[in-house]
1. Looking at 97, 51, 90, 2, which is the one that is without any contact (Cβ under 8 Å) to a residue 60 or more places away in the chain, of a type in the set (Ser, Thr, Tyr) and within 30 Å of residue 120 (Cβ to Cβ)?
2. Any residue that is part of a strand (DSSP E or B), in contact (Cβ under 8 Å) with a residue 40 or more places away in the chain, of a type in the set (Lys, Arg) and closer than 14 Å to residue 64 by Cβ - is there at least one of those in the range 128-143?
3. Out of the residues in the range 3-62 that are within 28 Å of residue 119 (Cα to Cα) and of a type in the set (Ser, Thr, Tyr), state the one that is modelled with the lowest pLDDT.
4. Would you pick out the residues in the range 116-147 that are aliphatic (A, V, I, L, M) and farther than 18 Å from residue 75 by Cα?
5. Please specify each residue of the range 113-150 satisfying the condition of being of a type outside the set (Lys, Arg), more than 20 Å from the chain's Cα centre (by Cα) and modelled with pLDDT under 85.
6. For residue 104, state whether it is on the phi < 0 side of the Ramachandran plot, surrounded by 13 or more Cβ atoms within 10 Å (Cβ to Cβ) and modelled with pLDDT under 80.
Amino acid sequence: MSPSGERMLWMVALILTVLCVFLLLRAYRRWKNNPLRIKKKVWYSGGWKMSVNIRNIRNAMADIDAPVIEFRQPRMKKRKFKIVAPGDGSIFPLGLSPQTGYDFVIEFTKLYEREPILRKYRQVVIRVKDRHGKTITGKKVKLRGSRFGF
């Protein structure tokens, strides 16, 4: 390889390295500045259920609106549902003190009874908005069908 070819290769490697570092720092800042963390666990025991934990990790109060559960299909079809508390449903907007959280369980079987078309949707995402309008999104969860034709 000629000396000019080696220089060109080193320049491309340097540009790619700087670009990767920039993107990693940007993702880290976005992750660090989120006031809330969303943890979830999905299981099947007589019906699909999802346990969600929304946690305030900042040292200041965080007000959150009602979480939205979004069902997705591979072809970008989406259905969104706002989660309300059982009973009167007046828990949201919810104020979370520093270093506290809120846990709840979503039973998909009730949603499937009301909207049978949701059985075709295989991905679920939880979204939460805080009082500043910032949206925090959990990772996608893939639902797999059970052995019994679900």
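1. Every option except 51 fails the conditions.
2. Yes - at least one qualifying residue is present in the range 128-143.
3. If we take residues in the range 3-62 being within 28 Å of residue 119 (Cα to Cα) and of a type in the set (Ser, Thr, Tyr), then 45 is modelled with the lowest pLDDT.
4. Residues of the range 116-147 that are aliphatic (A, V, I, L, M), as a first pass: 117-118, 124-126, 128, 136, 141, 143.
Scanning the range 116-147 gives 126, 128, 136.
5. Passing the criteria: 145, 146, 148, 149, 150.
6. So residue 104 does not fit the description; no.
Residues checked against (1) small (Gly, Ala, Ser); (2) surrounded by 13 or more Cβ atoms within 10 Å (Cβ to Cβ); (3) in contact with a Leu (Cβ under 8 Å, 6 or more places away or on another chain):
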| position | (1), (2), (3) |
| --- | --- |
| 17 | no, no, no |
| 21 | no, no, no |
| 24 | no, no, no |
| 28 | no, no, no |
| 53 | no, yes, no |
| 81 | no, yes, yes |
| 92 | no, yes, no |
| 111 | no, yes, yes |
| 119 | no, yes, no |
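The values are calculated or read from the model by the stated rules, or taken from the named source; none is laboratory data. Remember, it's a predicted structure, so these values are computed and weren't measured experimentally. Cβ coordinates were reconstructed from backbone atoms using ideal geometry, including for glycine residues, and neighbour counts include every protein chain displayed.
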